[in-house]
Amino acid sequence: MPHDLTIRPVTRGDDEALWALLEPAFRAADTYAIEPDIGRDEALNYWTAPPNAAFLAHAAGAPLGTCYLRPNARGGGAHVANAGFVTAEAARGRGLARAMLRRVEGEARARGFLAMQFNFVVETNAAALHIWRSEGYAEVGRLPGAFRHPRQGHVDALVMFKPLEGRA
């Protein structure tokens, strides 16, 4: 991980950097259940619109990744957070996703969330699964064939969960 890594809240001036990160991830269609032809404005809105709190990770002036935090549900489920992550291809394997996860968990605790839940982790996303499991997330559900992978066909999606403070 770069020694000068900064993970800060997104501002409107970050739209180009965010799009440069989101576009390849969404176009690949292998980790997000997002239309691969999603337009720039719709993608930026998906990532940054309230109630999302979006963050940009960068080092030496270069955007390396982005993440968001939001309530997983409303009402009786609003105490559980949800998050999304995108890492630039050139920054993968260097600890960036783990750093973003830890930043988002800290933010979730500060905002009073009691747990984090990832609703739809594609089982072929081995790097993400490795990180989430090593950081204490448990697989609490499996959705058989729920994701249509562009190369591997229908694969499972996992629901992962971690209490942040005590019991959710």
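Annotations for the structure displayed:
- Considering residues of region 141-155 that are small (Gly, Ala, Ser) and touching a strand residue (DSSP E or B) at 6+ places or on another chain (Cβ under 8 Å) only, the residue farthest from Arg27 (Cα to Cα): Gly141
- Any hit, region 90-111, residues being crowded, with 20+ Cβ neighbours inside 10 Å, of a type in the set (A, V, I, L, M, F, W, C) and more than 26 Å from Thr11 (Cα to Cα): no
For every residue, the table says whether it meets (1) among the aliphatic types (A, V, I, L, M); (2) on the phi > 0 side of the Ramachandran plot.
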residue: Ala73; (1), (2): yes, no
residue: Phe85; (1), (2): no, no
residue: Ala88; (1), (2): yes, no
residue: Ala91; (1), (2): yes, no
residue: Gly95; (1), (2): no, yes
residue: Glu105; (1), (2): no, no
residue: Arg109; (1), (2): no, no
residue: Gly112; (1), (2): no, yes
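- Looking only at residues of region 11-30 that are modelled with pLDDT of 95 or more and not in a helix (DSSP H, G or I), we find that the one that is farthest from Val122 (Cα to Cα) is Ala29.
- Selection of region 57-89 for residues being surrounded by fewer than 21 Cβ atoms within 10 Å (Cβ to Cβ), among the hydrophobic types (A, V, I, L, M, F, W, C) and not in a loop (DSSP other than H, G, I, E, B) yields Ala59, Ala62, Val80.
- Of all residues in region 118-132, those that are part of a helix (DSSP H, G or I) and in contact (Cβ under 8 Å) with a residue 40 or more places away in the chain total 1.
- Only listed residue being modelled with pLDDT under 95 and basic (Lys, Arg), chosen from Arg109, Arg92, Arg102: Arg92
The values are calculated or read from the model by the stated rules, or taken from the named source; none is laboratory data. All values reported here derive from a predicted model rather than from experimental measurement. Note that we place each Cβ from the backbone using ideal geometry, even for glycine, and neighbour counts take in every protein chain shown.
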